[in-house]
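Accompanying notes for the structure given below.
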Protein chains: 2
Amino acid sequence: MGYRHVLFAADFSDEALKVGERAKDIARQYGARLSAIHVVEDVNISLGGGYELLPVLPELPDKVLLRESRAALGQLAQKLKLENADLWVVNAPSTKEGIFGAVEDHQVDLIVVGSHGRHGLALLLGSTANAVLHGAPCDVLAVRI
Amino acid sequence: MGYRHVLFAADFSDEALKVGERAKDIARQYGARLSAIHVVEDVNISLGGGYELLPVLPELPDKVLLRESRAALGQLAQKLKLENADLWVVNAPSTKEGIFGAVEDHQVDLIVVGSHGRHGLALLLGSTANAVLHGAPCDVLAVRI
């Protein structure tokens with residue numbers, strides 16, 4: 001009944017390292033595979049009149065975000081020394097959908113995500129933990145940050 | 001950074017065994033102490049006119065509930081073979097407050113609680129997992145049931 005595939009749901013906040021350390025530790029305890037995911041939520045560009053403005057953008061914002069996120073996740077994984085972890089940056093309508101998709105596709109049985117304190121910026125992370133908890137297809141470990 | 005004191009937040013649903021098994025397993029993995037808690041939420045008796053009706057009650061509902069809960073938690077612990085676990089039945093205004101109180105009093109660093117599916121009765125458990133997650137003073141493992 002032990003965990004076999006742990007998924008670290010990474011944001012790039014100051015606390016990501018703590019959450020990642022916990023994910024790494026629990027995967028080690030169980031001898032489980034470890035993967036890390038960062039979800040880039042779909043950017044909703046309101047262009048008003050139409051698409052004629054698009055060519056002035058050097059690149060679509062989604063693409064830039066995806067590339068930057070891949071770099072940031074790579075750096076985070078390096079800091080955490082996650083040598084054997086798969087790193088996934090995915091684009092999805094919401095963080096929740098992106099994470100759940102990976103859970104289903106890769107037989108994840110534990111998601112590790114940051115929780116939050118009572119105040120401030122952490123609320124944002126909290127609402128992700130919350131969304132992930134609702135209807136999660138597997139166990140969820142919310143790490144207090 | 002391993003967990004040292006795991007708290008199994010027990011209800012008496014059909015799924016309590018699954019959640020308890022997980023709590024036991026993770027405590028074993030970490031060599032952590034394991035305790036189990038069941039919170040009896042305060043009963044709000046509306047007596048209308050006053051307290052003159054109280055003497056007809058053979059016992060206060062809270063007391064009956066506490067006694068029955070102690071028996072039920074004992075049985076659950078037996079089924080789970082939690083020989084060394086402390087079992088706590090506490091009375092509190094809410095499940096959340098009861099659990100958090102125990103966390104603070106006993107240096108718990110991981111709460112294990114049932115999560116829920118998408119439908120039905122499980123929603124009740126879900127809302128507890130949810131409440132526990134908000135402002136939890138430590139990590140929370142939500143076990144999918």
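The values are calculated or read from the model by the stated rules, or taken from the named source; none is laboratory data. Keep in mind that this is a model prediction, so the values were computed, not measured. Here Cβ is always computed from backbone atoms with ideal geometry, including for glycine, and neighbour counts include all displayed protein chains. Heavy atoms of the whole protein, side chains included, go into the accessibility calculation; ligands, DNA and RNA do not. Shrake-Rupley method; radii C 1.70, N 1.55, O 1.52, S 1.80 Å.
Estimated at the nearest 10 Å², the accessible area of A:Glu83 is 140 Å² with a 1.4 Å probe.
As a test of reading the structure, rank A:Leu73, A:Leu60 by solvent-accessible area (1.4 Å probe, protein chains only), most first.
Working: A:Leu73 5, A:Leu60 90 Å².
Descending accessible area places them as A:Leu60, A:Leu73.
For B:Asp105, the accessible area of its heavy atoms, probed at 1.4 Å with every protein chain present, is near 110 square angstrom.
Set the Förster distance to 25 Å, then compute FRET efficiency between B:Ser94 and B:Val64 from the Cβ-Cβ distance, nearest 0.05. That pair, B:Ser94 with B:Val64, gives E of 0.80.
Between chain B and chain A, roughly 2500 Å² of accessible surface gets buried, counting both sides and using a 1.4 Å probe. Using the beta-carbon distance between A:Phe12 and B:Lys18 and R0 = 35 Å, what value does 1/(1 + (r/R0)^6) give for FRET efficiency, to the nearest 0.05? With a Förster radius of 35 Å, E is 0.50.
Counting Lys and Arg as +1 and Asp and Glu as -1, what is the net charge of the other residues whose Cβ lies under 12 Å from the Cβ of B:Ile99? Don't jump to the answer; show the numbers that get you there.
Numbers: positive: B:Lys96; negative: B:Asp11, B:Glu41, B:Glu97, B:Glu104, B:Asp105.
So the environment of B:Ile99 carries a net charge of -4.
Restricting the trypsin sites (Lys or Arg not before Pro) of region B:74-104 to loop positions (DSSP other than H, G, I, E, B) with no more than 14 neighbouring Cβ atoms within 10 Å leaves B:Lys81. Label-point distances for B:Asp14 to the equivalent site in the other copies, using a point 7 angstrom along Cα→C-beta, read 4.7 nm when ranked shortest first. Counting only other chain Cβ atoms within 10 Å of each residue's Cβ, the peptide A:16-22 averages 1. Given a 1.4 Å probe and the protein chains as shown, A:Glu41 ends up with an accessible area of around 90 Å². Considering only the other residues whose Cβ falls under 12 Å of the Cβ of B:Val19, what net charge follows from Lys and Arg at +1 and Asp and Glu at -1? In short, -2. Label-point spacing at A:Asp105 relative to the other copies reads 4.7 nm, in ascending order, each point sitting 7 Å out from Cα along Cα→Cβ.
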